[in-house]
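Undergrad: Can you keep this structure in mind? I'll have questions shortly.
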Amino acid sequence: MTLSPIVARFQLNYGAFSLDVDLTLPGCGVTVLFGHSGSGKTTLLRCIAGLQYTPNGYFEINGKVWQDSKEGIFVPTYKRSLGYVFQEANLFPHLTVLGNLQFGLKRIGKQSNTTDLKQILELLGISHLVDRMPDKLSGGERQRVAIARALVLKPDILLMDEPLASLDTKRKQEILPYLNKLHQQTKIPNLYVTHSQQEVAQLADYLVILSEGRVLASGTLPETLSRIDVPLAQDKEAATVWDVRVAEHDADYHLTTVDFSGGTLSVPAINAEIGTSLRVLIHARDVSIVLEKPTATSILNVVNATISDIVDDQCGRSVVQLKIGKQSLLAHITSKSAQLLRLNIGMTVFVQIKGTSILH
Amino acid sequence: MLSAADIATLWLTFKVASIATILMLLFGTPLAWWLARTQSRWKGVCNAVVALPLVLPPTVLGFYLLVLMGPNGVIGKLTSELGLGTLPFTFPGLIVASVLYSLPFVVQPLQATFTNIGKQPLEAASTLRANPLDTFFSVVMPLAKPGFLTAIILGFTHTVGEFGVVLMVGGNIPDKTRVVSVQIYNHVEALEYNEAHWLAGCLLSFSFTVLLVLYSVLKTHPVAHQLK
């Protein structure tokens, strides 16, 4: 799999809704297209798949051009090397699970009983379901079969349209680990549409934020999440993620120390070997700012930081962006506190991080 | 009991209905598919034309067909030029009339089924490398089985039961156009009630049986269930 970037340019006008994007995306890893409903994220994915025709578009992956309206090129969906997972699993009701999985394989002329198929069945934990009909599966199982069905074709790109949206929280938690495993074990680039912050934090390597058919921001996950100029920063679920490494375990206190580029953090004990790479999520609401290093505090994680930006939301809350080494962090504080502490861009302060969650 | 002439009419009816049903499936399936998927402004007109035989008296349809297929009609002139002669009062003419008369009974259930299937399975198939024709045969046809069953049975039984159009276009020619419904009429006209009873009873039990089979199959068909 080469790492040449994916180029996507689409313009579409429906009157009330228009889409106008020009994106260059990494040719590997998980790119999440994030936005609220009506932001155009699903439309963009459908344009990429060719399920939605746009008179004005360009799409290129691995050096292959799927659409170039200027040259009159539009490769029909069935000739594109893609895997698509729909919001509803969309399995063929008249075929067994195995029949569904073999549907695409037969059409690309591959043996349908390969070790690849077995591996994918195992990866998604559906080996025992092959003889069932789709209506005898749970929602979570159906969606796993749909993911496997897209994956067995070894497509150039995997497109997933809110694959978890139709499932309840418990089923989501059941599938998320499979998705993480999938992304670690296959090298297929993945475009993943969601409106869930949790899925963004868990899965994304690269994040594109869409609003009303326009790209608000795009970049690596840590970079984009810590941007202060996107509406995400104002959201009460606003959070930043740091990539960290396990440094030390403290069995007595059930704590683990992790390293990041600007220092160390103590987090609740993790069952992982020293040196393992992890992703830590820090909610902006769990970050507070003090001017002098506190000597007596219950909060373990106190680090030195520099204020890089402040935005007042005019509703009594300020979003503060801080730099700690190379890492960025967002803090939500009251506007009153920001005034009392006379916070300014460039100031050096201490941040107290009250809580962290380990993602994977 | 059934006379040899009665059995001949039964056999002729079966032939007419079978051939007409096959032709209706051949023409009706693409038509129903197009009607289910198109956004064209002609859709309304086409729907109305296909449905016309449902509301027109069979004599009206028969009358127009008679005129069109007659020696001075557009179709009649064409068939004469092609050396086929004219179609009224012939077996092929009866088939043409039957196809037009029963077409809504084939097109409408198919159209409803195709609409019901929706575009999701088609999109899934296209992301799995199936071209449109392949998708029609490997996804749409199996999913539309209940619709095809309904279309075949309604199209066949309705053709078996036609009378007005046959009388207008086909006439009453033994072994050529004399079907069961016409033969029953002949018996009643001649006050042969016993013979009429036998034939009428045959038609009644045949129609009831196939409809019963149809509705019990539809009730238990797994795909029919899921598509609801």
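Undergrad: Of A:206, A:14, A:192, which has the largest mean-square fluctuation in a 10 Å C-alpha GNM of chain A?
TA: Highest fluctuation among the options: A:14.
Undergrad: For a quick check, take a GNM of chain B with Cα springs below 10 Å and name the residue from B:97, B:17, B:130 with the largest mean-square fluctuation.
TA: B:130
Undergrad: Among A:115, A:240, A:194, whose mean-square fluctuation peaks in a Gaussian network model of chain A (Cα, cutoff 10 Å)?
TA: A:115
Undergrad: Of A:115, A:322, A:160, which is farthest towards the positive pole of the protein assembly as shown's charge dipole, taken about the Cα centre with +1 and -1 on the beta-carbons of Lys, Arg and Asp, Glu respectively?
TA: Looking along the dipole axis, the top candidate is A:115.
Undergrad: Further question: State which helices in chain B qualify, where a helix is a whole DSSP H run, it must extend 15 Å or more along its own axis by its Cα atoms, and its mean Kyte-Doolittle hydropathy must be at least 1.0.
TA: Helices meeting the span and hydropathy rule in chain B are B:4-37, B:43-55, B:58-69, B:91-117, B:145-160, B:193-220.
Undergrad: A further question follows. Toward the positive end of the charge dipole of the range A:6-225, about the Cα centre and with charges on Cβ (Lys, Arg +1; Asp, Glu -1), which of A:143, A:40, A:130 goes farthest?
TA: Of the options given, the answer is A:130.
Undergrad: So what's the gap between the Cα centers of the range B:35-106 and the range A:170-232, to the nearest angstrom?
TA: 59 Å
Undergrad: With each run of n ≥ 4 DSSP H residues scored as -39500 (n - 2.57), what mean residue ellipticity at 222 nm is computed for the protein assembly as shown after dividing by its residue count and rounding to the nearest 500 deg cm²/dmol?
TA: Counting only the DSSP helices, I get -13000 deg cm²/dmol.
Undergrad: Can you tell me the length gained on complete extension of the stretch residue A:168 to residue A:350, counting 0.36 nm per residue apart and subtracting the Cα distance?
TA: Using 0.36 nm per residue and subtracting the Cα-Cα distance, I get 61.6 nm.
Undergrad: Report the full-extension gain for the segment residue A:196 to residue A:88: residue separation times 0.36 nm, less the Cα-Cα distance, to one decimal in nm.
TA: Full extension of this stretch gives 37.2 nm more.
Undergrad: With just the Cα atoms of the range A:6-225, tell me how far they stretch along each of the three principal axes, in Å, largest first.
TA: Computed over the Cα atoms, the extents are 46, 38, 30 Å.
Undergrad: Under a crude label model (7 Å from the Cα following the beta-carbon direction), how far is residue B:209 from residue A:274 in nanometres?
TA: Output for this residue pair reads 8.5 nm.
Undergrad: Take the Cβ-Cβ distance between residue B:2 and residue B:47 as r, set R0 to 35 Å, and report the resulting FRET efficiency rounded to the nearest 0.05.
TA: Between residue B:2 and residue B:47 the formula returns 0.25.
Undergrad: Just tell me the longest site-free run in chain A, where the sites are trypsin sites (Lys or Arg not before Pro) in a DSSP loop having at most 12 other beta-carbon atoms within 10 Å.
TA: The longest uninterrupted stretch comes out as A:1-186.
Undergrad: For a test of the definition: using alpha carbon positions, the gyration tensor, and the 1.5 limit on a/c, classify the range B:82-144 as rounded, prolate or oblate.
TA: prolate
Undergrad: Over 26 Å between Cα atoms: which of A:70/A:187; A:118/B:145; A:293/A:323; A:106/B:219; A:79/A:181; A:110/A:172 fall into that group?
TA: Listed pairs above 26 Å: A:70/A:187; A:118/B:145; A:106/B:219; A:79/A:181; A:110/A:172.
Undergrad: Report the label-to-label distance for residue B:216 and residue A:298 in nanometres (one decimal), using points 7 Å from each Cα along the Cα→Cβ vector.
TA: 7.3 nm
Undergrad: Mind putting a number on the dipole of the range B:4-225 about its Cα centre? Charges go on the C-beta only, +1 for Lys and Arg and -1 for Asp and Glu, and I need it in Debye to the nearest 20.
TA: 820 debye
Undergrad: Counting other C-beta atoms within 10 Å, which of B:189, A:248 has the fewest, and how do the rest follow?
TA: Sorted ascending by nearby Cβ count, the order is B:189, A:248.
Undergrad: Further question: Assign one of three labels to the protein assembly as shown, namely rounded, prolate or oblate, based on the Cα gyration tensor with a ≥ b ≥ c the square roots of its eigenvalues; rounded applies when a/c is under 1.5, prolate when it is not and a/b is larger than b/c, and oblate otherwise.
TA: The shape class here is prolate.
Undergrad: Working from Cα positions, state the angle (0 to 90°, nearest 10) between the long axis of helix A:97-107 and the longest principal axis of chain A.
TA: Helix A:97-107 and the main axis of chain A meet at about 70 degrees.
Undergrad: Taking square-rooted eigenvalues a ≥ b ≥ c of the alpha carbon gyration tensor, is chain B rounded, prolate or oblate, where a/c under 1.5 means rounded and, failing that, a/b exceeding b/c means prolate?
TA: Note, shape of chain B comes out oblate.
Each reported figure results from applying straightforward, stated rules to the coordinates on display, with no laboratory input. On a predicted model such as this, the values are computed, not experimentally measured, just so you know. Reconstructed Cβ throughout: ideal geometry from the backbone, glycine too, with neighbour counts over all protein chains shown.
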